[in-house]
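Q: There's a structure below that I have some questions on.
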Amino acid sequence: MDEKQIYFSELAHRLGAIDIGSNSVRLMVAEPLRDGTYRILDEERESTRLGRALDSSGRLEPEAIELTLAALRRFKQIAEGFQVNQLKTIATCAVREAVNGPDFCRRAKDEIGLEIEVISAEKEARLAFNSVQRAFDLTGKNVAVADIGGGSTEVILASGNQIESTFTTPLGAVRLTEAYGGVGGPMTDHDFAALLKAIDGQLRKLGKKTNIDPHLLIGSGGTFTTLAEMIMAQKGQVGLPTRGYNVTHAEVSHLVDRLRKMPLKNRRTVSGLSPDRADIIVAGLAVIDRLMRHFKVNLLQVHNRGVRDGLILSMMNNSAAAISQNPHDREAAIERFAAACSGELAHGRQVARLAGRIFAQLAPLYGLDPADQPLLETAARLQDVGYLINYESHHKHSYHLILNSGLAGFQPSELEMMANVARYHRGSQPKKRHANFRQLSSEDQQRVKQLASILRLAGGLDRSHSGQVSDVVLERTDDELTMLVEAAENPDVDVWGARRRAKLFESVFETALNISWRGKIALTAETDAAQAG
């Protein structure tokens, strides 16, 4: 074995990530470290404009396809040169939308040997957020995170380290440039006004879908990094790190107005602006300007990483999960999530225990799937995570937080089920006009109704938050169910709480429900009667 072979044989686990975007293709080769971080061994970027003319044709152009395949071929060779243990390739907006996107992926597999995963906009947003939360301390902050690409912009609204909601918009820098001009010469006032109007129209569609008011905007991706480099060049701060660099809304507005009045050849000479981004920078900066206006934030912090970084972190987490067979990992993840959001751990555990007891007794009577019991119990423990946002609508926020949690040990379909069940632990009953409920299959809608009705009862049985109910016993007669509540002392508040929440249960299971206490008093009376007999 020669010196080079010995060197490589002693290397740690190495990962490669390729991100195929609408504007460029990027490679990162990284080596995970023992402290949970990684060091970058190599990075490469090529601007192939794969998403060029996608809006007008609906297809990836042949020339752009060939440029992208050539870049992928080189990137694979670079990764192999570093002897990566795992190489992951993802594609985003352009390949996701193009009619011939699947053909492009087949060519990459057949000709280069690369399996491309075309990720959803939601996964793209989550990867970007994973990168941000590792780089910034988000504790106690409401933030908007934006990732601007060539074909789309993903927006994440989060409270602390928990995602509340994600949105995707067709506000890509390449797409907007093609639609509103300003490529070769200065952008006219008319075209610039039309560009801003289009951006504002898309942002208005986000509506009031969240109660989060962001304290700041964190920008991920090349447009934001370029913005920081141009501002630093203006201020004579060249050489400072771009990560965490602060930019005000006024600085963004002034810069976009200055650049949009320049012809392209002049833009290419602007300090801090890469010549291959000069044609699309006005549209990209306009998106930033209107995002800050829409969310009413004056401060932007720049993040110089993004989807690739999130992908590397995801690969590291998946590798760690595959190695670890600890049965307590899932349990620990649930506890950490609940503690970070609500702090209602004891109440959640009590409600989960009682919900599990009710479910176990109902399952043989009504043919419930035993696999749903752990989902119900987890939903019970996480029902109040929405407190992180506010109390009033916390059940709605719990839905979004659970859905976007990426909680270890659960499949996306399981997270969706638990999120819906937690959504209906209080407030209105499930309705088909609710988007989260409407998108479920009829079978899953029925499961949500059943599990949510049980969760409501279990929550009522700890209305006092005292944990005094020790057990529940169900008895069925021909025309009703009787729930006997066991507690050392009279749990009148908890029985009252359960009775108030019984309506959905009675409707779903088509039975009357009688709830009463079976405690010391009742047991003593039974004993006395038996002795008297």
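Q: Would the range 384-399 turn up any residue that is aliphatic (A, V, I, L, M) and modelled with pLDDT of 90 or more?
A: Checked against the condition, which is being aliphatic (A, V, I, L, M) and modelled with pLDDT of 90 or more, the range 384-399 yields no hits at all.
Q: For the range 76-106: of the residues being among the basic types (Lys, Arg) and over 21 Å from residue 175 (Cα atoms), which is least open to solvent (accessible area, probe 1.4 Å)?
A: 76
Q: Now, a different point. Does residue 164 count as buried (at least 23 other Cβ atoms within 10 Å of the Cβ), over 26 Å from residue 95 (Cβ atoms) and among the acidic types (Asp, Glu)?
A: Working: buried (at least 23 other Cβ atoms within 10 Å of the Cβ): yes; over 26 Å from residue 95 (Cβ atoms): yes; among the acidic types (Asp, Glu): yes.
Here the answer is yes, as residue 164 does meet what is asked.
Q: Quick one: count up the residues across the range 259-295 that are under 27 Å from residue 46 (Cα atoms) and not in a loop (DSSP other than H, G, I, E, B).
A: Number of matching residues: 18.
Q: Something else now. State yes or no: is residue 427 under 16 Å from residue 335 (Cα atoms) and open to solvent by 20 Å² or more (accessible area, probe 1.4 Å)?
A: So residue 427 fails the test.
Q: Do you know which residues across the range 362-389 are surrounded by fewer than 16 Cβ atoms within 10 Å (Cβ to Cβ) and touching a strand residue (DSSP E or B) at 6+ places or on another chain (Cβ under 9 Å)?
A: Result: 365, single match.
Q: Additional query: Can you tell me which condition residue 428 does not meet? The list is (1) in contact with a strand residue (DSSP E or B) (Cβ under 8 Å, 6 or more places away or on another chain); (2) part of a loop (DSSP other than H, G, I, E, B), and all the others hold.
A: (1)
Q: In the range 120-149, what residues are closer than 10 Å to residue 310 by Cβ and either out of contact with any helix residue (DSSP H, G or I) (no Cβ under 6 Å at 6 or more places or on another chain) or not polar (S, T, N, Q) (or both)?
A: Residues satisfying the conditions are 123, 124, 125, 126, 127, 128, 129, 132, 133, 134, 147.
Q: Which of the residues spanning the range 469-501 are among the charged types (D, E, K, R), within 17 Å of residue 352 (Cα to Cα) and in contact with a strand residue (DSSP E or B) (Cβ under 9 Å, 6 or more places away or on another chain)?
A: Those that are among the charged types (D, E, K, R), within 17 Å of residue 352 (Cα to Cα) and in contact with a strand residue (DSSP E or B) (Cβ under 9 Å, 6 or more places away or on another chain): 471, 486, 494.
Q: Still on this structure, please answer the following. Search the range 463-476 for residues that are more than 21 Å from residue 513 (Cα to Cα) and pair each with any residue that is of a type in the set (S, T, N, Q) and crowded, with 19+ Cβ neighbours inside 10 Å when their beta-carbon atoms are under 7 Å apart and the residues are at least 6 apart or on different chains.
A: 467/350
Q: Sticking with this one: For residues that are in a helix (DSSP H, G or I) and of a type in the set (S, T, N, Q), scanning just the range 65-117, find the one that is farthest from the chain's Cα centre (by Cα). Talk me through it step by step, then tell me what you get.
A: Taking the range 65-117 and keeping what is in a helix (DSSP H, G or I), we get 65-81, 93-97, 101-112.
When the remaining residues are screened for being of a type in the set (S, T, N, Q), the result is 68, 77.
Working: 68: 28, 77: 32 Å.
My answer is 77.
Q: Pick out the one residue from 21, 58 that is crowded, with 20+ Cβ neighbours inside 10 Å, modelled with pLDDT under 95 and either closer than 30 Å to residue 170 by Cα or touching a Ser or Thr at 6+ places or on another chain (Cβ under 7 Å) (or both).
A: 21
Q: Here's something else I'd like to know. List the number of the failed condition for residue 312; all other conditions in (1) of a type in the set (A, V, I, L, M); (2) touching a Leu at 6+ places or on another chain (Cβ under 7 Å); (3) closer than 16 Å to residue 145 by Cβ hold.
A: Tallying (1) of a type in the set (A, V, I, L, M); (2) touching a Leu at 6+ places or on another chain (Cβ under 7 Å); (3) closer than 16 Å to residue 145 by Cβ, residue 312 fails exactly one: (3).
Q: Now for a separate question. List pairs: first residue in the range 17-39 and under 16 Å from residue 69 (Cβ atoms), second residue in a strand (DSSP E or B) and of a type in the set (Gly, Ala, Ser) anywhere in the structure, Cβ distance under 7 angstrom, at least six positions apart or on different chains.
A: Here the result reads 20/91; 24/47; 27/16, each pair linking the range 17-39 to a residue that is in a strand (DSSP E or B) and of a type in the set (Gly, Ala, Ser).
Q: Can I ask one more? Residue by residue through the range 296-312, note down the ones that are assigned to a helix (DSSP H, G or I) and among the charged types (D, E, K, R).
A: Correct list: 308, 309.
Q: For the structure I just gave you, tell me whether residue 243 is within 27 Å of residue 90 (Cβ to Cβ), open to solvent by 40 Å² or more (accessible area, probe 1.4 Å), out of contact with any Lys or Arg (no Cβ under 6 Å at 6 or more places or on another chain) and touching a residue at least 12 places away in the same chain (Cβ under 8 Å).
A: Yes; evaluated as a whole, the condition is true for this residue.
Q: Right, another one. Give the range 246-258 a look and list any residue that's open to solvent by less than 70 Å² (accessible area, probe 1.4 Å) and either touching a helix residue (DSSP H, G or I) at 6+ places or on another chain (Cβ under 8 Å) or in a helix (DSSP H, G or I) (or both), or say none.
A: 247, 249, 250, 251, 252, 253, 255, 256, 257
Q: Tell me yes or no: at least one residue of the range 227-236 is of a type in the set (Gly, Ala, Ser), open to solvent by 50 Å² or more (accessible area, probe 1.4 Å) and over 28 Å from residue 156 (Cβ atoms). Outline the logic, then answer.
A: So the first thing to find is which residues in the range 227-236 are of a type in the set (Gly, Ala, Ser), and the list is 228, 233, 236.
Next, from what is left, pick out any that are open to solvent by 50 Å² or more (accessible area, probe 1.4 Å): 236.
Keeping just the survivors that are over 28 Å from residue 156 (Cβ atoms) gives 236.
Checking the range 227-236: at least one residue is of a type in the set (Gly, Ala, Ser), open to solvent by 50 Å² or more (accessible area, probe 1.4 Å) and over 28 Å from residue 156 (Cβ atoms).
Q: Go through the range 404-422 residue by residue and tally those that are open to solvent by less than 20 Å² (accessible area, probe 1.4 Å) and either among the basic types (Lys, Arg) or not in a loop (DSSP other than H, G, I, E, B) (or both).
A: Summing the residues that are open to solvent by less than 20 Å² (accessible area, probe 1.4 Å) and either among the basic types (Lys, Arg) or not in a loop (DSSP other than H, G, I, E, B) (or both) in the range 404-422 gives 7.
The values are calculated or read from the model by the stated rules, or taken from the named source; none is laboratory data. Predicted model only: the values in this text are computed from it and were never measured. FYI the Cβ positions are ideal-geometry reconstructions off the backbone, even for glycines, and counts take in every protein chain you see. The protein model used for the area step is the full one, side chains on, heavy atoms only, and it has no ligands, DNA or RNA in it. Shrake-Rupley method; radii C 1.70, N 1.55, O 1.52, S 1.80 Å.
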